[in-house]
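Taking it in order: structure first as structure tokens, then the write-up.
The values are calculated or read from the model by the stated rules, or taken from the named source; none is laboratory data. Model, not experiment: these values are computed from the prediction. Every residue, glycine among them, receives a Cβ derived from its backbone with ideal geometry; neighbour counts consider all protein chains shown.
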Amino acid sequence: MKKSDFAYELPEELVAQNPLTERHASRLLCLNKQTGQLADKQFTDFVDLIDERDLLVFNDTKVIPARLFGTKVTGGKVEILIERLCDDNHAIAHVRASKSSKEGAIIKLDGGFSCKVQGRAGDLFRVEFTGDTPLLEILGQIGHIPLPPYITRADDESDVSRYQSVFAKHLGAVAAPTASLHFDLEMMEKIKAKSVATAFVTLHVGSGTFQPVRVEDLSQHLMHKEYFRVPQETVQAVKEAKVRGGRVVAIGTTAVRALESASQNGRLESGFGDTDLFITPGYRFKSVDAMLTNFHLPESTLLMLVAAFAGYQPVMNAYQHAIGQSYRFFSYGDAMYLSD
């Protein structure tokens, strides 16, 4: 298939710019991946769509306040977006300025902090933060929540909590696993009360998730890498769900990527590392039976993954239905549930 096969027109007003007052107040579009049948529901109905045999797998990554603003010694404005933490003083980052930053350039940041550009790292830069303050502490003091590019407003205080899942644990993501944003403590309690098992993986979502596919031939696309970890207790939980005849329900495409990346030997194995797994139609899923996800950008790798899971035409039909019914799209938008 080609990149253009995944294009669709989205009215600008359907791009959600703010979260709803309540996390669970979103709508839920259900797609039966066998029949293509659609059903419009509320997100709170999700609890009725699972049973005690199933296993829900969440991504427990935690978004860091990865966006920094500064100035060059010459006075030019600079925006830094941390892509990956290397240690307490070093990171790989996007460095955006009117002119490309040179090796050795000093950038002055708020709060009296500064950093030095050490050189290129592919399309990104290696950056050293000078002084004795650890990088995570610097980000905690002066960093901004890295809202996606399609959210056109500046981040505010509400994003600190709302662009983060209620079970976020491991710092490292620069974008939220957005399917998780619909779950609040009340929803988690309802899932527990129904005796539905839960498990966790970690995948640190990178800014590459928003990068457009630049080639028409998908076989030529260079997939970005993201760190993932699948613990042994999750592997065991998946085995137990399969034994009792339940489904593995991945909460978000990031949970799917983690589980499938750990299943490339034909069965799910615990482990960690970087994954550049690119899932497109024709891919044979090894661990995941059902998926909860948000609506994704046209021609994006995430839309391609969803189409691989539930079928190209059923998914594209579902997107047209969602547009016609004025669903809210992208990170702070509504959700889809794809199952048999």
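Results, tabulated for the structure shown:
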item	result
Residue in segment 212-236 that is surrounded by the fewest Cβ atoms within 10 Å (Cβ to Cβ), counting only those that are touching a residue at least 12 places away in the same chain (Cβ under 8 Å) and either among the basic types (Lys, Arg) or at positive phi (or both)	LYS225
Answer from ARG284, ARG247, ARG267 - the residue that is within 23 Å of LYS41 (Cα to Cα) and among the basic types (Lys, Arg)	ARG247
Any hit, segment 90-112, residues being closer than 17 Å to HIS204 by Cα and in a loop (DSSP other than H, G, I, E, B)	no
Only listed residue being farther than 30 Å from SER158 by Cβ, touching a His at 6+ places or on another chain (Cβ under 9 Å) and either touching a residue at least 60 places away in the same chain (Cβ under 8 Å) or charged (D, E, K, R) (or both), chosen from ASP340, ASP289, ASP334, ASP276	ASP276
Cβ-Cβ under 7 Å pairs, at least 6 apart or on other chains, segment 105-129 side without any contact (Cβ under 8 Å) to a residue 60 or more places away in the chain, far side of a type in the set (Asp, Glu) and surrounded by fewer than 18 Cβ atoms within 10 Å (Cβ to Cβ)	CYS115/GLU128; LYS116/GLU128; VAL117/GLU103; GLN118/GLU103; GLN118/GLU128; GLY119/GLU103
Residue check, LEU292 within 20 Å of the chain's Cα centre (by Cα) and in a strand (DSSP E or B)	yes
Test: residue in segment 176-190 that is in a strand (DSSP E or B) and surrounded by fewer than 22 Cβ atoms within 10 Å (Cβ to Cβ)	no
Members of segment 10-34 that are in a loop (DSSP other than H, G, I, E, B), touching a residue at least 60 places away in the same chain (Cβ under 8 Å) and not small (Gly, Ala, Ser)	LEU10, PRO11, GLN17, ASN18, PRO19, LEU20, GLU22, LYS33, GLN34
Scope segment 126-154; condition under 28 Å from HIS296 (Cα atoms) and in a strand (DSSP E or B); matching residues	HIS144
Condition broken by GLY266, with the remaining ones in (1) surrounded by 24 or more Cβ atoms within 10 Å (Cβ to Cβ); (2) at positive phi; (3) not polar (S, T, N, Q) satisfied	(1)
Some residue of segment 307-317 being part of a loop (DSSP other than H, G, I, E, B) and in the same structural domain as VAL47 (by TED's automatic domain parsing)	yes
Subset of segment 49-64 (residues that are basic (Lys, Arg) and within 11 Å of the chain's Cα centre (by Cα))	LYS62
Single match in ASP51, ASP40 (criterion: exposed (fewer than 15 other Cβ atoms within 10 Å of the Cβ) and within 19 Å of PHE295 (Cβ to Cβ))	ASP40
Residue pairs meeting the criteria (Cβ under 8 Å; at least 6 apart or on separate chains; first under 20 Å from GLY172 (Cα atoms), in segment 142-159; second assigned to a loop (DSSP other than H, G, I, E, B) and aromatic (Phe, Trp, Tyr))	ILE142/PHE113; ILE145/TYR163; LEU147/TYR163; PRO148/PHE330; ASP155/TYR163
